[in-house]
Amino acid sequence: MSGSAIGSHKVLDEKLEAIAHGKGVVSKLYRLLRLSSPNCNTLTQSQWQQDLGINLSSSDWDNLWRNSINMSKCVRYRVIQMKIMHRAYLTPTRLKKMDQSLSALCWHGCGEEGTLLHMLWHCPVIESLWREVAYILSGILKIDLQLSPVTCQLGARVENIKSNKHQRVIALACLSTKRLILMNWKVRKPFCFSRDRWLEEFLFLLSMEKATSILRELDKDTSDLWVSVRSFLSVQTHRYFFPV
Ligand SMILES: [Zn+2]
């Protein structure tokens, strides 16, 4: 955009004038730019909608994008969620498009086509891992939890659960599941999708979240929840030691 084009835009001029005389100029400018830009995620969103057979409103999508950057206090986990949202992970199907000599079949040997949704959700070994996660979470939260790909992959809230703390535990459990899946993306380690391995991953993320909360003096009210998660898991398995 040329300087004269900006100068001739009356509405934009007025908005910039208003921003220039207040506090928080940089964040207000960023917000103005973000709202003025066309949504660059439109294609990604429509691919997800097609894959999942859903149709979300633009405000639903805004919430999902916002959630994905707030889902965890740990950067590495937030990056995982952002990369899933952006469909950035390479799959057999995508690699086949780049190189016809490669196979498009799933790397876990199930014989199905290795699309993104298959690798993250539908593959039989992955599906049974998600079932186990839903079963454990149902025990922790004392509810009958049915997990959907919209919640597990895109981070949407589970309907009919009002408690934000419970929603957070579900989001973190899903995040640790996704990390486990991605750590065994192309080459699967023995027993990598077992219940014990998942519990290890989940507890690691919980301890990271708690440590960050203490350091930043955030979320003091969630510490009781971490205690209840740990005590549930300690009853379920004697393999772990949970300091109080
Ligand atoms: Zn498969």
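The values are calculated or read from the model by the stated rules, or taken from the named source; none is laboratory data. Note that the coordinates shown come from a computational prediction; the quantities given were computed from them, not determined experimentally. Using ideal geometry, Cβ is built from the backbone for each residue, glycine included, and neighbour counts are taken over all protein chains shown.
Considering only the range 172-225, state which residues are among the acidic types (Asp, Glu), more than 17 Å from Met71 (Cα to Cα) and at pLDDT 90 or above.
Correct list: Asp196, Glu200.
Given (1) near the ligand (Cβ under 9 Å from one of its atoms); (2) surrounded by 16 or more Cβ atoms within 10 Å (Cβ to Cβ), where does Thr91 come up short, assuming only one miss?
(1)
Name the residues in the range 94-106 that are surrounded by 12 or more Cβ atoms within 10 Å (Cβ to Cβ) and either hydrophobic (A, V, I, L, M, F, W, C) or within 11 Å of the ligand (Cβ to nearest atom) (or both), would you?
Within the range 94-106, Leu95, Leu102, Ala104, Leu105, Cys106 meet the criteria.
Is it the case that Asp62 is of a type in the set (Asp, Glu), surrounded by fewer than 11 Cβ atoms within 10 Å (Cβ to Cβ) and either away from the ligand (no atom under 16 Å from the Cβ) or assigned by TED's automatic domain parsing to the domain that holds Leu205 (or both)? I'd like the intermediate steps shown before the answer.
Details: of a type in the set (Asp, Glu): yes; surrounded by fewer than 11 Cβ atoms within 10 Å (Cβ to Cβ): no; either away from the ligand (no atom under 16 Å from the Cβ) or assigned by TED's automatic domain parsing to the domain that holds Leu205 (or both): yes.
Criteria not met by Asp62.
Tell me, which residue of the range 112-125 that is farther than 20 Å from Gln146 by Cα and free of Cβ contacts under 8 Å to residues at least 60 places away in the same chain is nearest to the ligand (Cβ to nearest atom)?
Just the residues of the range 112-125 that are farther than 20 Å from Gln146 by Cα, to begin with: 112-116.
Filter again for free of Cβ contacts under 8 Å to residues at least 60 places away in the same chain, leaving 112-114.
Details: Glu112: 5, Glu113: 9, Gly114: 7 Å.
Ranking the qualifying residues of the range 112-125, first place goes to Glu112.
Kindly state which helices (runs of 4 or more DSSP H) lie completely within the range 90-188 and contain at least 2 residues that are within 23 Å of Val227 (Cβ to Cβ).
Working: elements: 92-98, 124-141, 149-154, 164-183.
Helices (runs of 4 or more DSSP H) meeting the threshold: 124-141, 164-183.
Take the conditions within 15 Å of the ligand (Cβ to nearest atom) and surrounded by fewer than 16 Cβ atoms within 10 Å (Cβ to Cβ) and apply them to Gly109. Does it pass? Even if it seems obvious, please write down each step before you answer.
Numbers: within 15 Å of the ligand (Cβ to nearest atom): yes; surrounded by fewer than 16 Cβ atoms within 10 Å (Cβ to Cβ): yes.
Yes, satisfied.
Kindly indicate whether any position in the range 126-134 is over 29 Å from Asn164 (Cα atoms), surrounded by 12 or more Cβ atoms within 10 Å (Cβ to Cβ) and within 16 Å of the ligand (Cβ to nearest atom). Can you show your working first?
Start the filter on the range 126-134 by keeping residues that are over 29 Å from Asn164 (Cα atoms), which leaves none.
No, every residue in the range 126-134 fails to be over 29 Å from Asn164 (Cα atoms), surrounded by 12 or more Cβ atoms within 10 Å (Cβ to Cβ) and within 16 Å of the ligand (Cβ to nearest atom).
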